[in-house]
Structures are given as structure tokens and as C-alpha cells.
Amino acid sequence: MATAQVESGAAGHGAEPRGKRTEAGEATYLIAIAEALWEEMERDERVYLLGEDIGAYGGAFKVTEGFIERFGPERVMDTPIAEETIVGMAIGSAMEGFRPIAEFQYADFMTSGFDEIVTAAAKYHYRSGVPLPMVLRGPSGGGVRASSFHSSNPEPWFGHAPGLKVICPAFPSDAKGLLKSAVRDDNPCVFLEHKWIYRRIKEVVPEDQAFLVPIGQAKVQREGTDVSIVTYGMMVHLALEAAENLSQKGVSVEVVDLRTVHPLDSGTVLTSVEKTSRALVLYESHRFLGVGRR
Amino acid sequence: MATDVSEKQAEADWRVGLSDDRLRDLLYKLKLCRYFDERIEALYRQGRLPGAIYSGRGQEGTHVGVAYTLRDDDSLFPTHRDLSAQLTKGLDLKRVMAQFWGRIDGFTRGRDGNSHVGDWFGNRTWTPVSHLPLAYPVACGAALAYKRRGEQRVAMAICGEGATSNGRWHEALNVSAVHRLPVVWVVNNNQWAYSTPNPLEFAVPTVAERAVPYGFPGIRVDGADVLDVYRVALQAVDRARAGGGPTLIESVSLRWRGHAGHDPAKYVPKEMLEEYMQHKDPVKRFEELLLSHEVTDAEAVKRIQERVEREFDEGFEFAQASPFPVPSDVTKGLWVEDGYWRSEPSHEGGTG
Ligand SMILES: Cc1ncc(C[n+]2csc(CCOP(=O)(O)OP(=O)(O)O)c2C)c(N)n1
């Protein structure tokens with residue numbers, strides 16, 4: 001999981017994110033996300049980015065590094081620190097035919113645009129029939145020593161707002177395929193990246209630009225027969241580690257990665273539990289009323 | 001000679017470049033909005049209308065004046081109070097009334113209430129969300145789209161003066177200035193935000209002056225004079241269209257009725273209400289103006305009145321004949337791909 005090796009493959013500022021893969025074709029989660037954004041911007045000129053410090057600086061986590069050189073300041077739009085207006089602009093421009101992707105510096109700051117997300121965006125299509133093709137990206141989760149206000153997992157909040165698709169990928173390929181699907185989706189999507197995963201997890205990611213991962217489909221990441229761990233995001237990696245450890249003690253663990261939190265793929269979950277008869281629900285957010293807890 | 005020119009100028013000025021036909025049309029809009037508001041309140045008081053009502057009476061000069069400057073493909077982002085602005089832009093009265101009675105032919109197919117009327121596809125008006133002023137930031141987005149595509153289109157947003165106390169109002173103004181967006185910000189200062197008067201909402205004398213520190217002009221206008229409102233709004237719209245950026249318009253009037261139908265508004269001083277109703281009635285004032293300039297006559301005014309009454313009655317009949325949505329459709333239309341909003345509602349109200 002050596003981050004430096006992956007980044008050293010970078011072809012430099014202004015280059016396509018794909019050039020930042022290792023020679024073996026591996027991409028970190030972060031690079032996979034950058035690839036998805038780049039490819040969708042190349043494919044469809046209605047797609048544009050807006051957010052704080054995403055232009056010349058390339059974003060707080062450098063996801064959009066080099067984008068402004070390729071796509072210009074109109075399509076990589078730096079905004080004031082005004083989260084409600086960032087979301088509002090995404091809504092308004094989506095209503096007028098654009099496909100905006102708004103970046104939040106941290107998912108924690110989505111609360112500062114909360115009303116526009118859950119009150120305006122989530123309910124608008126149900127009430128009016130007007131599609132809102134927009135993506136809200138936020139780096140979420142803990143594990144990187146980033147304080148009380150840079151470590152939150154807001155997915156249960158957004159899961160409680162019908163009308164939003166809430167996506168929490170755990171692997172680079174899923175992140176890329178799901179983000180591309182989100183950009184092409186006609187509904188507002190909340191795409192919660194996990195910053196612990198950003199530079200730690202890498203894998204060979206499909207090169208094919210048509211590669212998509214469907215929203216709303218869970219995936220069994222490891223098959224087992226004794227117990228199912230139903231989880232998503234960074235906890236998938238913890239679950240896989242636990243499954244490996246337990247296999248040495250003779251316990252066969254199945255790991256179900258939800259990938260999308262809402263709409264929830266209960267079919268895959270139930271099929272797994274039917275097989276194992278036992279389920280452990282694992283998530284990083286507050287325990288009470290989290291995803292999967294009743 | 002000089003007198004001649006200035007006389008001609010005065011003659012041209014009072015009508016703000018509007019032809020006789022357009023002036024008469026403006027009177028029709030004012031009367032339509034007034035009559036609609038009065039009849040709806042009557043039906044509400046008779047217990048014949050479900051839901052709440054938010055009367056815009058007394059503020060028609062503002063609503064009609066600003067909205068009359070917009071072209072069909074300009075967008076309008078109103079609040080609960082601004083139905084008159086939407087009717088001026090051309091919202092289909094029959095469907096408005098179907099929405100008031102919760103019917104399938106309403107714009108929201110029975111899903112939302114009286115104050116949440118809008119028709120994006122038909123009329124480029126936003127379906128209001130209660131939370132104030134949530135559409136201000138959204139108007140920035142529509143305006144951004146026009147600017148990005150180099151279109152000569154404008155977004156106009158309206159809210160009350162109370163809503164200007166909210167942070168997002170300031171955010172939106174600031175962003176519109178930073179990005180020089182083709183947007184017109186309208187504040188309908190009807191002097192009462194529910195029961196709260198101006199001095200408890202802001203500590204500056206006017207709303208309009210708040211524009212300048214953000215980097216664009218703010219103008220205060222008398223909402224009793226529809227042509228003055230129209231003149232000011234037209235300048236703002238033209239400026240935005242020409243790439244000059246945003247303008248803030250504060251149009252001052254009085255809310256004649258309570259905040260909503262349930263509110264007797266005892267907090268509004270009687271003398272204040274009388275002063276406005278007797279001397280600052282935008283509809284009556286404009287009618288008298290047109291009569292004095294002989295743009296219209298009593299007979300024509302009567303015909304306008306008959307027309308708006310007929311249109312109201314037709315809308316009412318249409319609404320009563322429209323079916324309710326079927327309960328089994330309640331979960332449909334959450335996602336675009338389920339197709340609910342692309343399907344035609346059946347005569348029974350369901351989508352099968
Ligand atoms: C954010 C928010 N808080 C509270 C309310 C409840 N509310 C609805 S209308 C209103 C008064 C609004 O006053 P103003 O903005 O002046 O508009 P007016 O109703 O006078 O047109 C309030 C407090 C709301 N809709 N939104």
C-alpha cells in the first residue's frame with residue numbers, strides 16, 4: 001500500500017490522471033476518482049466542476065490537480081466559501097441542462113449546504129418532475145487524525161432524505177465506475193469518498209472508458225458460509241481483514257459491500273444472510289440509527 | 001421648442017415605452033391577480049379550499065411590475081407569496097387551481113400545496129420550497145448556465161424582506177457579484193415578515209443599500225406604482241442581459257392581509273393599513289392612470305373585469321372536474337428512471 005510509488009508514476013501537473021497509475025496499471029482510489037471525473041468531462045461538455053480551491057490548487061486532496069489546465073476555469077470553477085450557494089448553483093444549472101459535480105472540501109461541510117441538499121435537491125423531482133442530474137462529492141470518514149470536524153460519516157443523514165442516491169465505494173474500480181454512473185444519472189447523487197482509502201488502496205482499474213458500476217448494487221467481496229458482514233466504505237477493508245484472520249480459526253466469513261447506501265440492495269444482503277444465517281452490520285458512522293440498524 | 005421636446009419626453013416616459021395594448025394587458029394582469037387573491041380567500045373562508053393561503057394583495061405592483069419585464073425563456077424563482085408574479089409570467093390559471101384543490105392536473109400532480117406552485121417546463125418558474133430564501137442560490141445556478149452558454153437570458157428571484165436576514169440570501173448576492181451573473185434580485189418589502197416589522201429584521205434603513213457593499217447597484221422603488229417598478233426592473237433585466245451583472249430591487253408596499261389565512265394580523269397598525277389601502281392601491285392607481293391618459297375607458301375596464309371573473313370560474317370548474325391522484329402512485333416519481341413524470345396521468349388520476 002505504498003502511496004509514494006503510485007504517485008511517482010505521475011506524468012506531471014496538467015496531465016491526465018491516468019498517467020498517474022503505476023506501470024502495472026494500478027490506480028489508487030484517489031486517482032480512480034480523478035480518472036472518472038476527467039473521462040466524463042472529456043465525454044460530455046455539459047459536465048463541469050465547482051467547489052473551493054479546486055482550480056489552480058487542485059482541491060484539498062488534489063483530486064482535480066491538472067484539471068484547470070485542460071478544461072479551463074469555467075469548467076473547473078472555484079467558488080467562494082458558500083456551500084449553500086455551491087449546491088444551489090448545482091441545482092439551478094442542472095435545471096438548465098448542465099451536469100454539475102460539486103466538490104466539498106470535506107464531507108463535514110455538507111452540513112453548511114444541508115438545506116439545499118435535503119430540502120431543495122432531494123425533493124424537487126418528486127414534486128415537480130424536473131430532473132436534477134448533479135453529483136455532490138465529499139471526502140468522508142475518519143482514521144486520518146483529522147479532528148472532530150474533518151472525520152464525519154454523513155451518509156445516514158442523506159439516506160434519510162428520499163430522492164438522493166448515496167454512494168460509498170470502498171475500492172478504486174468501484175469508485176471510478178460508480179462515479180461515472182453518478183455523473184450520467186439524472187437524479188442528485190451524494191458521492192462519499194473515504195479519505196482513509198484515498199492513497200492507501202490501489203488496484204488494477206479497468207481502462208475501458210465505457211466501464212461503469214451500476215448504482216444500487218451491492219457486491220460480495222469475499223464469499224463465506226458461517227456469517228455475513230454487511231458493510232460499506234472503509235469498513236469493508238476492516239471486514240476483509242477480520243475475515244482473513246477468522247479463516248485461520250476455521251470461521252468462514254462472507255463480506256457484503258453495499259457500495260450504494262441508498263437505494264439499498266437488500267436482495268444481495270438477504271441472499272447472503274439466507275446462506276449464512278448470521279449477519280453483522282458494520283459501519284463507521286454513529287451507531288444509533290445508522291445504515292442497517294433498526 | 002424645448003418645451004415640445006420635454007413634453008414628448010414626458011409622454012413617452014410615463015408609459016415606459018409600453019404600447020397601449022401592453023398597458024391594457026398590464027391592467028388585465030393586475031386585475032387578474034387581485035381578483036384571484038380575493039376569490040381564493042373567500043373560498044378559503046367558506047371552508048371550500050384545502051390548505052393554506054398566502055395573500056399577495058396590495059403587492060401586485062411589485063409582482064406584476066417585475067415579472068412583466070421577463071421573456072418566456074427567462075426564469076423566475078418566487079416564494080410562497082409571489083403567485084401574482086407567476087401569473088404575470090403566464091402560469092396556466094386552470095392548472096394553478098387544480099393544484100390548489102390537490103388534483104392530478106396541478107403542476108405537482110396533487111403532491112404539493114397552494115403556495116408551492118411552479119411550472120419549469122411550461123413557464124420557467126420554480127416550484128417554491130418553503131425554506132427561505134432557498135431559491136436565491138438556485139437562481140445563481142440558472143444564471144450561471146445562461147452566462148456559460150452565452151445566452152441572453154436572465155434569472156429573477158423574489159423573496160420577502162424577512163428572508164433577507166437569512167445567510168443564504170447574502171451568500172447568493174455575493175456569489176452573483178463575484179461571477180457577474182445575469183440575475184435580478186427582487187425583495188418584496190411588504191413591511192411584515194409574518195408578525196415581524198423591518199427594524200427587527202435588519203438594522204440598516206433599507207434593504208436596497210445592502211447591494212452596494214456586495215459590488216452592484218441596489219434600488220428602492222414604490223410598489224404602489226407598477227410602472228415605476230417595471231421601469232426599474234427593466235433596467236435591471238437589460239443590464240443583466242447585456243452582461244452587466246446583478247441588481248437588487250427593493251419594492252416597498254404593504255401586506256394587506258395576514259401572513260396566511262389564519263392570521264388576522266392585529267399587529268399591523270390600523271392607520272397604516274388604511275393609508276395603504278386607500279392611497280397606495282397599485283391596481284386602482286394604475287387603472288386611474290390609464291383612464292386619465294385615455295388609454296382605456298370605463299367600458300373596457302368592465303370588460304377586463306368580466307374576463308378575469310370568467311377565467312377564474314373556468315379555472316375553478318376545471319379544478320373541480322380534475323381527479324385526485326390515486327394513492328398507489330404515491331411512491332412513484334422519486335427517481336427519474338421510474339418514468340412517473342414522463343407518463344401521462346390517466347383520466348382516473350393514476351398512471352397505471
Ligand atoms: C428558513 C425559514 N424559516 C422560517 C420559515 C417560516 N416562514 C414562512 S413565511 C415567513 C415570513 C416571511 O417573511 P418575508 O420574507 O418578509 O416574506 P413575506 O411572507 O412577507 O412575503 C416565515 C418566518 C420559512 N419558511 N423558512
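The values are calculated or read from the model by the stated rules, or taken from the named source; none is laboratory data. All of these numbers come straight from a predicted model, not from anything done at the bench. Heads up, the Cβs are rebuilt from the backbone with ideal geometry, glycines too, and the neighbour counts pull from every protein chain shown. The area values use the complete protein model at the heavy-atom level, side chains included, leaving out ligands, DNA and RNA. Shrake-Rupley method; radii C 1.70, N 1.55, O 1.52, S 1.80 Å.
In region A:66-80, the qualifying residues are those that are in a helix (DSSP H, G or I) and surrounded by fewer than 16 Cβ atoms within 10 Å (Cβ to Cβ), and the one that is nearest to the other protein chains (Cβ to nearest Cβ) is A:GLU74. Any residue at all in region B:68-88 that is in contact with a strand residue (DSSP E or B) (Cβ under 6 Å, 6 or more places away or on another chain), open to solvent by 10 Å² or more (accessible area, probe 1.4 Å) and without any contact (Cβ under 8 Å) to a residue 60 or more places away in the chain? No, region B:68-88 contains no residue that is in contact with a strand residue (DSSP E or B) (Cβ under 6 Å, 6 or more places away or on another chain), open to solvent by 10 Å² or more (accessible area, probe 1.4 Å) and without any contact (Cβ under 8 Å) to a residue 60 or more places away in the chain. Of all the numbered requirements in (1) open to solvent by 10 Å² or more (accessible area, probe 1.4 Å); (2) within 14 Å of the chain's Cα centre (by Cα), A:SER148 misses one, and that requirement is (2).
Any residue at all in region B:122-142 that's within 16 Å of the ligand (Cβ to nearest atom), touching a residue at least 40 places away in the same chain (Cβ under 8 Å) and open to solvent by 20 Å² or more (accessible area, probe 1.4 Å)? Step through it out loud before you land on a result.
Let us first name the residues in region B:122-142 that are within 16 Å of the ligand (Cβ to nearest atom), namely B:126-139.
Subsequent filtering for residues that are touching a residue at least 40 places away in the same chain (Cβ under 8 Å) retains B:126, B:128, B:130, B:132-133, B:135-136, B:138-139.
The next check asks that each one be open to solvent by 20 Å² or more (accessible area, probe 1.4 Å); those that pass are B:130, B:132.
Looking through region B:122-142, at least one residue is within 16 Å of the ligand (Cβ to nearest atom), touching a residue at least 40 places away in the same chain (Cβ under 8 Å) and open to solvent by 20 Å² or more (accessible area, probe 1.4 Å).
A quick yes/no check of all residues on (1) farther than 30 Å from A:VAL256 by Cα; (2) out of contact with any Ser or Thr (no Cβ under 7 Å at 6 or more places or on another chain); (3) buried (at least 24 other Cβ atoms within 10 Å of the Cβ):
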position: A:TYR106; (1), (2), (3): no, yes, no
position: A:GLY129; (1), (2), (3): yes, yes, no
position: A:GLY163; (1), (2), (3): no, yes, no
position: A:PRO172; (1), (2), (3): no, no, yes
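Scanning region B:280-328 for residues being open to solvent by less than 40 Å² (accessible area, probe 1.4 Å) and within 20 Å of the chain's Cα centre (by Cα) gives a total of 7.
The test for being within 16 Å of the ligand (Cβ to nearest atom), of a type outside the set (Gly, Ala, Ser) and at pLDDT 95 or above holds for B:ARG57.
State which residue is nearest to B:ALA233 (Cα to Cα) when the search covers only region B:170-180 and only residues that are facing another protein chain (nearest Cβ under 9 Å) and away from the ligand (no atom under 16 Å from the Cβ). Checked region B:170-180; the qualifying residue nearest to B:ALA233 (Cα to Cα) is B:SER176.
Could you tell me whether any residue of region B:192-212 is more than 27 Å from B:TYR267 (Cβ to Cβ), more than 14 Å from chain A (Cβ to nearest Cβ) and more than 10 Å from the ligand (Cβ to nearest atom)? Taking every residue of region B:192-212 in turn, at least one turns out to be more than 27 Å from B:TYR267 (Cβ to Cβ), more than 14 Å from chain A (Cβ to nearest Cβ) and more than 10 Å from the ligand (Cβ to nearest atom).
Of all residues in region A:197-212, one or more are under 15 Å from A:TYR29 (Cα atoms), acidic (Asp, Glu), open to solvent by 10 Å² or more (accessible area, probe 1.4 Å) and in contact with a strand residue (DSSP E or B) (Cβ under 9 Å, 6 or more places away or on another chain). The set of residues from region B:92-121 being open to solvent by 10 Å² or more (accessible area, probe 1.4 Å), away from chain A (no Cβ under 11 Å), at pLDDT 95 or above and part of a loop (DSSP other than H, G, I, E, B) comprises B:ASP92, B:TRP101, B:GLY102, B:ARG103, B:ASP105.
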